[in-house]
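Asker: One structure is given below, represented as C-alpha cells, and several questions about it will come after.
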Amino acid sequence: MGCAAVSKPEIILVGGGGHCRSCIDVIEQEDLFRIAGVVERSGADENSNLLGYPILGSDDDLPQLRKSFDNALVSIGQIRTPDIRIRLFNLLQEINFVLPVIISPLAYVSKHARVGKGSIIMHHALINAGAEVGFNCIINTKALIEHDAMVENHSHVATAAVINGGSSIGKGSFVGSNASMVQETKVSDGFFARAMSLITGKSSV
C-alpha cells in the first residue's frame, strides 16, 4: 500500500502588490508551503484575490489569523524605507508566527552561508560561502552576495545587484538594481544606493 500524502504546512503572506506576486511565484516553485492567502492593508477589498489566493483580512486581523495559521512572510517590497516591513515583522514575531526562510529552487545558497528568518531569496540569486543575510531581508532576482559579505536585518538587495566579498551592509538598507559594491566596503544602517551605483564607501551614493 502507498503512503498517505503528507499535507504541506500553510503560510500567509502579509502585504499585497508586485513584490507579493513575486513571493507567490517563489513559494509555489519551492513547494514547501501551501499559500493560504494574503493579508492586505485596511480598506482593501476582501472579496478580491491575488493570483487566485484569497484576501484573508487586514493587519488588524493578524492576531485572530494566528489561531488558524502558524507561518507568515512579510511580502511588501522595500525601496525608500524599510519601516513598514520592520513594523510587520515585529508584529508577526510578537504574536508568535513562525517566519521561515524562503529560498527559490532556482537560487543557490551555499551550505556555508547563513540566512535569517523571514528572508526571501528570489530566483537565480546567489549567496556564496561565508556570507550572512539577516532577518526579514529581500535578496532579489539575480542578486549576488559574495563570500564573507554581510547583509544585515531588514535590507533589500535589488535585482542583479552585486555585493562583493567581505562587504557589509547595515540594517534597513537598500541596494538598487545593477548596483555594485566594491569588496571589503562597509556602509552604515539605512544606507540607500541608487540603481547602477558603484559603492566604494568613500562617497555618498
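Asker: How do the pairs read when you match residues in the range 91-119 that are β-branched (Val, Ile, Thr) with residues anywhere that are at pLDDT below 95, using Cβ under 6 Å and keeping only pairs 6 or more apart or on different chains?
Answerer: Pairs found: none.
Asker: Sort through VAL162, VAL187, VAL175, VAL205 and tell me the only one that's of a type outside the set (Ser, Thr, Tyr) and at pLDDT below 95.
Answerer: On inspection, the qualifying residue turns out to be VAL205.
Asker: Considering each of GLY166, GLY172, GLY130 in turn, give the residue that is assigned to a loop (DSSP other than H, G, I, E, B), in contact with a Pro (Cβ under 7 Å, 6 or more places away or on another chain) and not polar (S, T, N, Q).
Answerer: Residue meeting the stated conditions: GLY172.
Asker: Another question, if that's okay. Between ILE138, ILE163, which is free of Cβ contacts under 8 Å to residues at least 60 places away in the same chain, out of contact with any Leu (no Cβ under 6 Å at 6 or more places or on another chain) and not charged (D, E, K, R)?
Answerer: ILE163
Asker: Do we have any residue at all in the range 133-153 that's in a loop (DSSP other than H, G, I, E, B), within 21 Å of GLY116 (Cβ to Cβ) and in contact with a Cys (Cβ under 9 Å, 6 or more places away or on another chain)?
Answerer: Yes, the range 133-153 contains a residue that is in a loop (DSSP other than H, G, I, E, B), within 21 Å of GLY116 (Cβ to Cβ) and in contact with a Cys (Cβ under 9 Å, 6 or more places away or on another chain).
Asker: Give the range 150-160 a look and list any residue that's without any contact (Cβ under 8 Å) to a residue 24 or more places away in the chain and either at positive phi or not β-branched (Val, Ile, Thr) (or both), or say none.
Answerer: Hits for the range 150-160 are MET150, ALA160.
Asker: Taking the stated definitions as given, is ASN128 touching a helix residue (DSSP H, G or I) at 6+ places or on another chain (Cβ under 6 Å) and in the same structural domain as GLY190 (by TED's automatic domain parsing)?
Answerer: no
Asker: Only residues in the range 12-36 that are free of Cβ contacts under 8 Å to residues at least 60 places away in the same chain count as the first member; pair them with residues that are assigned to a helix (DSSP H, G or I), Cβ under 7 angstrom, at least 6 apart or cross-chain, and list the lot.
Answerer: ILE35/ILE24; ILE35/ILE27
Asker: For the range 172-194, indicate whether the set of residues that are touching a helix residue (DSSP H, G or I) at 6+ places or on another chain (Cβ under 9 Å) and either not aromatic (Phe, Trp, Tyr) or not assigned by TED's automatic domain parsing to the domain that holds ILE76 (or both) is non-empty.
Answerer: Yes, the range 172-194 contains a residue that is touching a helix residue (DSSP H, G or I) at 6+ places or on another chain (Cβ under 9 Å) and either not aromatic (Phe, Trp, Tyr) or not assigned by TED's automatic domain parsing to the domain that holds ILE76 (or both).
The values are calculated or read from the model by the stated rules, or taken from the named source; none is laboratory data. Just so you know, these numbers come straight off a predicted model, no measurement behind them. A quick note on method: Cβ atoms are made from the backbone with ideal geometry, for glycine too, and the neighbour counts reach across all protein chains shown.
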